[in-house]
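Before any comments, here is the structure.
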Amino acid sequence: MLETKIISKSEVLYAGGDDGDTSPATKIFQDFQINEEDVGRGGGLIRSWVDSMRACSPTHLKPFDNQSSWIKEHPSALNMFEEILHESEGKQIVMFLDYDGTLSPIVDDPDRAFMSNKMRNTVRKLAMCFPTVIVSGRSREKVYSFVKLTELYYAGSHGMDIKGPEQNSKYKKKTQSLLCQPATEFLPVISEVYMKLVEKTKSIQGAKVENNKFCASVHFRCVDENKWSDLAHLVRSVLKNYPKLMLTQGRKVLEIRPIIKWDKGKALEFLLESLGYENCTHVFPIYIGDDRTDEDAFKILRDKRQGLGILVSKYAKETNASYSLQEPDEASCLTLYT
């Protein structure tokens, strides 16, 4: 029998409070939040969106070769493997893995972001040794259809839809099947906004809208850069009527999410608590991700000075991660070594 973990509204507050969080992801939340004040300054808002869309585009970023100082601050996790091994010695490792850009390459068609059989076997072996979680902006069902491993924990919709392993696991409590969905009340509005975005963006060639259950995504990877401003205007024309939704940005994707204090960092904390590792000094979480939304988890680990975050990126960017990798293939090598 499935037992649902209930998260009360007092535990999941609406975002926007001043809690001192200045992480890159939080700054994006503040920049893209839609409210009444924005209606009168739509032009400036759209410009800020498009500037941010350009800023995270690979064509506007500098490769590692020109960023030697950045590499010194965020060295390759493969080169520092012995140090990581020393840090984790005698501790319970818990692995958190983003999907797109970490376990699979970034592709033009998000429905074809398949992971290789080699990567799947690597993740399967990893789960035999440590509790292993896939954390993704995709719907939990969609990312499971890509990974197809029943022994993992899955956190879809940026951590707003968490479910424990379907098959027996030595890390899973026998008396409870884990299910956490703190944004259930937003399901109807997300579905409504998704349908409106599909209709609105038909005129933008290459735009693709994806329903990720507790959030919606507008992919612009295949949209001509000259049309980004038009796309931003269309998205804003829909979202200005939904004050409890906000816009954040990932790699060539605009994410529409509920304004609640729940993200990949909160999901990481929740899962560690569910596994019995809350306030435990003998646990070593490792989070590997490539996107701005992963920064919330990186920041949690950095602030706690526990475990480490690893950014997968060919380009130097502001991050709370401690180490870096350039390609998903390197993530595969690292997890094999671990």
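The values are calculated or read from the model by the stated rules, or taken from the named source; none is laboratory data. Just so you know, these numbers come straight off a predicted model, no measurement behind them. Cβ sites come from the backbone with ideal geometry, for glycine too, and all protein chains shown count toward neighbours. The protein model used for the area step is the full one, side chains on, heavy atoms only, and it has no ligands, DNA or RNA in it. Shrake-Rupley method; radii C 1.70, N 1.55, O 1.52, S 1.80 Å.
The magnitude of the dipole of segment 86-137, with charges of +1 and -1 set on the Cβ of Lys/Arg and Asp/Glu and taken from the Cα centre, is near 360 debye.
Amide H contacts for GLY101 (H built 1.01 Å from N in the peptide plane; partners 5 or more residues away or on another chain; cut-off under 5 Å): ILE106.
Based on protein heavy atoms only, segment 185-258 ends up with 42 Å² per residue of surface accessible to a 1.4 Å probe. Computed from phi, the 3J(HN,Hα) profile of segment 218-230 under the Karplus parametrisation 6.51, -1.76, 1.60 (θ = phi - 60°) reads 10, 7, 10, 4, 9, 9, 4, 4, 5, 9, 4, 5, 4 Hz, with x in place of Gly and Pro. Between LYS208 and HIS219, the built amide H atoms are under 5 Å apart, and every one of these is 5 or more places off in sequence or on another chain. Sequence-ordered 3J(HN,Hα) estimates for segment 131-147 from the Karplus curve with 6.51, -1.76 and 1.60 and θ = phi - 60° stand at x, 10, 10, 9, 10, 8, x, 5, 5, 4, 5, 5, 5, 5, 5, 7, 7 Hz, glycine and proline given as x.
Surface composition of segment 176-235: carbon plus sulfur atoms hold 48% of the accessible area, using a 1.4 angstrom probe and ignoring ligands, DNA and RNA.
Pairs from the list LYS202/LYS261; LYS227/LYS252; LYS91/LYS125; LYS227/LYS261; LYS200/LYS264; LYS118/LYS148 with a Cα-Cα gap above 24 Å: LYS202/LYS261; LYS227/LYS261; LYS200/LYS264. Please list the non-local residues whose amide H lies under 5 Å from the amide H of SER76, H modeled 1.01 Å from N, same-chain partners needing a gap of 5 or more. When sequence neighbours closer than 5 places are left aside, the close amide H contacts are SER324. In a reduced charge model with +1 at each Lys and Arg Cβ and -1 at each Asp and Glu Cβ, segment 185-331 shows a dipole moment near 500 debye about its Cα centre.
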